[in-house]
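The values are calculated or read from the model by the stated rules, or taken from the named source; none is laboratory data. Being a predicted model, the structure only gives us computed values, none of them experimental. Every residue, glycine as well, gets a Cβ built from its backbone with ideal geometry; the counts of neighbours run over all protein chains shown.
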Amino acid sequence: MSRSENLYHLQRIDSQLDGHKRRLQEIKAILEDDRKVMQAKAEVDSTQELFQEAQKALRSAKANVQDQRAKIDESEARLYGGTIRNPKELEDIQQEVAALKRYLDIVEERQLESMLAVDEAQENLDAAQGQLEKALAESESRNADLLEEKASIDASVVKLDLERQDQVTNIDAGELQLYESLRAKRGGIAIAKVQDRNCTACGTGLASAIYQQARSPSKITQCNTCQRILYAE
Ligand SMILES: [Zn+2]
């Protein structure tokens, strides 16, 4: 293998490792960010609160109806109890009962409205809980897929690390240093393939002398423009 070919193989291993690292970071971010589930939980909390408020309002409306009925019973007991005989007083009580009954209609109407409000709040809560279950199930299955992908990438990283250690032994220390510094400066790509006498990384056409040198198995040649190490098959 030529010197540039050894570096080219190292580059291929490193590029795969770079890709794996990028994907592992993406997976980590997706696993950590469960926004849909969080939103669904918040929706359940708020609909739960509204449901409880509606129940409380219904309890109070029921109590008002009961109070009102008790007041009517009490007045009617006085009216029909036989202890009051004064017609004026009896007439007053009759009017009082009529007024109490009119107000009973109002509080009964409010009780009915409260019951409907509870039903609606219950439906909203059920729907929110359904959405949360759905979001949790989706998240679980997506996370399972991602964890499977992560496991396979982790295994590939271990394999590539071993290949890399092996490949590095074929490369001269000075060249390795040049390679690493180019990788740091040139977006991770230190080696450029030569195709049709062009540097495939930056597109520059190579002068004849450079091209010949790049084809030599014993020499390391850099592109005049992007400085990457040229690899001509
Ligand atoms: Zn170039």
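When VAL157 is tested against (1) closer than 12 Å to GLN11 by Cβ; (2) away from the ligand (no atom under 14 Å from the Cβ), exactly one condition is not met: (1).
Can we say ASN64 is in a helix (DSSP H, G or I) and more than 23 Å from ASP45 (Cα to Cα)?
On the way: in a helix (DSSP H, G or I): yes; more than 23 Å from ASP45 (Cα to Cα): yes.
Taking the combined requirement at face value, the residue satisfies it.
The test for being under 16 Å from HIS9 (Cβ atoms) and more than 10 Å from the ligand (Cβ to nearest atom) holds for ASP172.
Considering each residue of the stretch 145-155 in turn, none proves to be at pLDDT below 95 and of a type in the set (A, V, I, L, M).
Answer yes if at least one residue in the stretch 200-218 is loosely packed, with under 13 Cβ neighbours inside 10 Å and within 45 Å of the chain's Cα centre (by Cα), and no otherwise. Can you show your working first?
Residues of the stretch 200-218 that are loosely packed, with under 13 Cβ neighbours inside 10 Å, as a first pass: 203, 205, 207-209, 217-218.
From the residues that got through so far, the ones that are within 45 Å of the chain's Cα centre (by Cα) too are 203.
So far as the stretch 200-218 goes, yes, one or more of its residues are loosely packed, with under 13 Cβ neighbours inside 10 Å and within 45 Å of the chain's Cα centre (by Cα).
Identify all residues within the stretch 175-206 that are among the charged types (D, E, K, R), within 11 Å of the ligand (Cβ to nearest atom) and within 22 Å of ARG22 (Cα to Cα); write none if there are none. The answer is ARG186, and nothing else.
Before we move on, is ARG12 of a type outside the set (Phe, Trp, Tyr), surrounded by 13 or more Cβ atoms within 10 Å (Cβ to Cβ), in a helix (DSSP H, G or I) and touching a residue at least 12 places away in the same chain (Cβ under 8 Å)? Spelling it out, it is not the case that ARG12 is of a type outside the set (Phe, Trp, Tyr), surrounded by 13 or more Cβ atoms within 10 Å (Cβ to Cβ), in a helix (DSSP H, G or I) and touching a residue at least 12 places away in the same chain (Cβ under 8 Å).
When GLN52 is tested against (1) in contact (Cβ under 8 Å) with a residue 40 or more places away in the chain; (2) closer than 30 Å to GLU123 by Cα, exactly one condition is not met: (1). Can you work out which of the residues in the stretch 106-153 that are surrounded by fewer than 12 Cβ atoms within 10 Å (Cβ to Cβ) and hydroxyl-bearing (Ser, Thr, Tyr) is nearest to ARG35 (Cα to Cα)? Only one residue tops the list, namely SER141.
Considering only residues in the stretch 207-231 that are without any contact (Cβ under 8 Å) to a residue 60 or more places away in the chain, within 26 Å of ASP18 (Cβ to Cβ) and in contact with a Lys or Arg (Cβ under 7 Å, 6 or more places away or on another chain), the one that is farthest from the ligand (Cβ to nearest atom) turns out to be GLN222.
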